[in-house]
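See below for the structure under consideration.
The values are calculated or read from the model by the stated rules, or taken from the named source; none is laboratory data. Only a predicted model underlies this, so the values are computations on that prediction, with no experimental measurement involved. Methodologically, a virtual Cβ is constructed for each residue, glycine included, from the backbone with ideal geometry; neighbour enumeration extends over all protein chains shown. The area values use the complete protein model at the heavy-atom level, side chains included, leaving out ligands, DNA and RNA. Shrake-Rupley method; radii C 1.70, N 1.55, O 1.52, S 1.80 Å.
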Amino acid sequence: MKGSLPEFTSVTVDQNGDGTYDGRQLNEPPKPRALKLSAETTETLFQMAGALDDFHSLKLESKKNVANLGMKTFIYRHDGQENKVQFNYTGNKRAQDLTAVFEGIADVEQHIGTLEYSSRYDVLGLPSVLTRIEIDLDNKELVDPELMVPILKKIAGDSQYLHIAQVRAKDIIRRIQDGYTSNKAGHR
C-alpha cells in the first residue's frame, strides 16, 4: 500500500518451505531474500490454502465500503496451473487467518532486515529494535521467529554491541527456543 513501510510485501513459499521475502518501497527494484519456513508453518499455509480451494474461482472482496487497507493477492501454482485472488478487505475468516500468518512471516523478515541494518550501521539503535521484537513476541504476532536466531546469536555473542543489546538478544533467543507460539491462526 502506497505510503506504508514497506509499501510492497511479497512472501512466496513452496511445499518444502523454501521461499522468498521481498519488502520494499514501490519505486525500488525487487530484492527478494531467501527464507526457509518450518515444516509446521508450511503445512499450515498449504492446509489453509486448501481450505480456500487453493483460491480456485474464489471471490474474497467484501462488498462493504472500507478504507484502502492495501491490496492482498494470494496465488497458488501447481502443475502449470495458477489460481489467483485479490482483495482489499474480506469477511472470510479463513482468508483473514491466512493473511495473518503471511503477515506474521513478513513481520519476522522485516525484523531480520532491521537487525541486519542496525548491527552494521546503527549499533546504538539495536536496543530499541530488540525491544520492538520483544513487544511482538509478547503480543504473539510473529510466525517462525526462529528465522531471527542467526542474527540474534551474532548480536548476543559479539562484544562490539552494547551489553543491553546482547542481553536482550539472548533473552529473545531463549524465549523462541522455549517454545514460542503465535496467535496467528494458532500456529508458531
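For the reader, a short list of remarks on this structure follows.
- Taking 21 Å as the limit for the C-alpha separation, the pairs LYS36/LYS153; LYS31/LYS84; LYS31/LYS59; LYS64/LYS93; LYS31/LYS140; LYS93/LYS140 exceed it in the case of LYS31/LYS84; LYS31/LYS59; LYS31/LYS140.
- Normalised per residue, the accessible area of the range 25-97 is 69 Å², obtained with a 1.4 Å probe and no contribution from ligands, DNA or RNA.
- Remark: the range 63-75, residue by residue, has Karplus-estimated 3J(HN,Hα) of 7, 6, 7, 10, 5, 6, 9, x, 5, 10, 10, 9, 10 Hz, where x stands for each Gly or Pro and the curve is 6.51 cos²θ - 1.76 cosθ + 1.60 at θ = phi - 60°.
- The chain: calculated mean residue ellipticity at 222 nm from DSSP helix runs of at least 4, using -39500 (n - 2.57): -13500 deg cm²/dmol
- TYR117/SER57 FRET efficiency (R0 45 Å; Cβ-Cβ; nearest 0.05): 0.60
- When the chain is treated as a Gaussian network with alpha carbon springs shorter than 10 Å, the biggest mean-square fluctuation among GLY104, GLY80, GLY125 belongs to GLY80.
- Estimated translational D of the range 73-174 in µm²/s (Stokes, Kirkwood radius over Cα pairs; 25 °C; 0.890 mPa s): 160 µm²/s
- In terms of its alpha-carbon gyration tensor, the range 24-92 comes out oblate; a/c meets the 1.5 threshold, while b/c is at least as large as a/b.
- Multiplying the residue separation of GLU28 and VAL66 by 0.36 nm and removing their Cα-Cα distance gives an extension gain of 10.9 nm.
- Residue-span extension gain [SER38 to VAL149] - 0.36 nm each, minus C-alpha spacing: 38.6 nm
- Result for the chain in a Gaussian network model with C-alpha springs under 10 Å: among ASP136, ASP18, ASP79, the largest mean-square fluctuation is at ASP79.
- Pair GLU7, THR181: separation of 7 Å Cα→Cβ label points (nm): 4.0 nm
- Surface per residue (accessible, 1.4 Å probe) for the range 111-188, Å²: 50 Å²
- Against the criterion of solvent-accessible heavy-atom surface with a 1.4 angstrom probe, PHE8, PHE87 sort, most first, into PHE8, PHE87.
- Apportionment of accessible area to carbon and sulfur, the chain, percent (1.4 Å): 50 percent
- Sites ARG77 and VAL167, calculated FRET efficiency, Cβ-Cβ separation with R0 30 Å, nearest 0.05: 0.10
- Using the Karplus relation 6.51 cos²θ - 1.76 cosθ + 1.60 with θ = phi - 60°, the per-residue 3J(HN,Hα) values for the range 149-158 come to 4, x, 6, 5, 5, 4, 5, 5, x, 10 Hz, with x marking Gly and Pro.
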